[in-house]
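Structure record follows, encoded as C-alpha coordinates.
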Amino acid sequence: MSKEERLRIKNELPHGTQASIANSLGISRAAVNKYLNGNSASVDIEEEVIKEYKKFKIKREEVKKLFNE
(Lines give C-alpha, C1' and ligand atoms only; values in the text may rest on other atoms or scores of the structure.)
Protein backbone atom coordinates (compact mmCIF):
# COMPACT_ATOMS: atom_id res chain seq x y z
CA MET A 1 0.00 0.00 0.00
CA SER A 2 1.39 3.41 -0.92
CA LYS A 3 2.12 6.13 1.61
CA GLU A 4 -0.66 8.24 0.09
CA GLU A 5 -3.17 5.40 0.49
CA ARG A 6 -2.10 4.87 4.09
CA LEU A 7 -2.53 8.56 4.91
CA ARG A 8 -5.96 8.66 3.25
CA ILE A 9 -7.08 5.65 5.26
CA LYS A 10 -5.63 7.13 8.45
CA ASN A 11 -7.65 10.30 7.93
CA GLU A 12 -10.88 8.39 7.22
CA LEU A 13 -10.78 5.89 10.07
CA PRO A 14 -12.82 6.78 13.16
CA HIS A 15 -11.16 7.85 16.39
CA GLY A 16 -9.91 4.86 18.36
CA THR A 17 -9.33 2.59 15.38
CA GLN A 18 -5.54 2.76 15.66
CA ALA A 19 -5.76 1.67 19.29
CA SER A 20 -8.14 -1.14 18.34
CA ILE A 21 -5.76 -2.37 15.64
CA ALA A 22 -2.84 -2.17 18.06
CA ASN A 23 -4.74 -4.16 20.70
CA SER A 24 -5.69 -6.82 18.16
CA LEU A 25 -2.05 -7.27 17.18
CA GLY A 26 -0.54 -6.88 20.64
CA ILE A 27 1.52 -3.86 19.61
CA SER A 28 1.58 -0.17 20.48
CA ARG A 29 -0.69 2.40 18.90
CA ALA A 30 2.50 4.27 17.96
CA ALA A 31 3.57 1.30 15.80
CA VAL A 32 0.25 1.46 13.93
CA ASN A 33 0.62 5.22 13.57
CA LYS A 34 4.15 4.83 12.16
CA TYR A 35 2.80 2.36 9.61
CA LEU A 36 -0.08 4.65 8.60
CA ASN A 37 2.31 7.59 8.24
CA GLY A 38 4.46 5.52 5.88
CA ASN A 39 7.42 5.31 8.27
CA SER A 40 7.42 1.53 8.65
CA ALA A 41 6.29 -1.58 6.81
CA SER A 42 4.39 -4.51 8.26
CA VAL A 43 2.26 -7.12 6.54
CA ASP A 44 0.42 -7.86 9.79
CA ILE A 45 -0.48 -4.21 10.39
CA GLU A 46 -1.46 -3.73 6.75
CA GLU A 47 -3.82 -6.72 6.85
CA GLU A 48 -5.46 -5.48 10.05
CA VAL A 49 -5.77 -1.93 8.70
CA ILE A 50 -7.43 -3.22 5.54
CA LYS A 51 -9.82 -5.37 7.57
CA GLU A 52 -10.81 -2.45 9.82
CA TYR A 53 -11.13 -0.06 6.88
CA LYS A 54 -13.45 -2.45 5.05
CA LYS A 55 -15.62 -2.81 8.18
CA PHE A 56 -15.75 0.99 8.51
CA LYS A 57 -16.76 1.44 4.86
CA ILE A 58 -19.54 -1.16 5.18
CA LYS A 59 -20.91 0.49 8.33
CA ARG A 60 -20.79 3.91 6.69
CA GLU A 61 -22.76 2.63 3.69
CA GLU A 62 -25.36 1.05 6.00
CA VAL A 63 -25.84 4.37 7.79
CA LYS A 64 -26.16 6.21 4.49
CA LYS A 65 -28.87 3.77 3.40
CA LEU A 66 -30.80 4.31 6.63
CA PHE A 67 -30.88 8.05 6.09
CA ASN A 68 -31.73 7.81 2.40
CA GLU A 69 -34.75 5.56 2.85
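Per residue, how many Å² of accessible area does the chain show with a 1.4 Å probe?
Values: 4840 Å² over 69 residues.
Accessible area per residue: 70 Å².
Between residue 27 and residue 42, the modelled labels are 0.2 nm apart [label points 7 Å from Cα along Cα→Cβ].
Give, in nm to one decimal, the length gained when the segment between residue 50 and residue 1 is fully stretched (0.36 nm per residue of separation minus the Cα-Cα distance).
On the way: separation 49, 0.36 × 49 = 17.64 nm, distance 0.98 nm.
Additional length available on full extension: 16.7 nm.
Of the solvent-accessible surface of the chain, computed with a 1.4 Å probe over protein heavy atoms with every protein chain present, carbon and sulfur atoms account for 52 percent. When the alpha carbon gyration tensor of the chain is reduced to an equivalent ellipsoid, the three semi-axes, largest first, read 24, 13, 9 Å.
Mean separation of Cα pairs under 8 Å and 6+ residues apart, divided by the residue count of the chain: what relative contact order is that in percent? Write down the numbers at each step before the final one.
Values: 44 pairs, mean separation 22.7, N = 69.
Contact order relative to length: 33 percent.
The values are calculated or read from the model by the stated rules, or taken from the named source; none is laboratory data. Note that the structure is predicted; figures quoted are calculated from it, not measured. Cβ sites come from the backbone with ideal geometry, for glycine too, and all protein chains shown count toward neighbours. Only protein heavy atoms, including side chains, enter the accessible area calculation; ligands, DNA and RNA are left aside. Shrake-Rupley method; radii C 1.70, N 1.55, O 1.52, S 1.80 Å.
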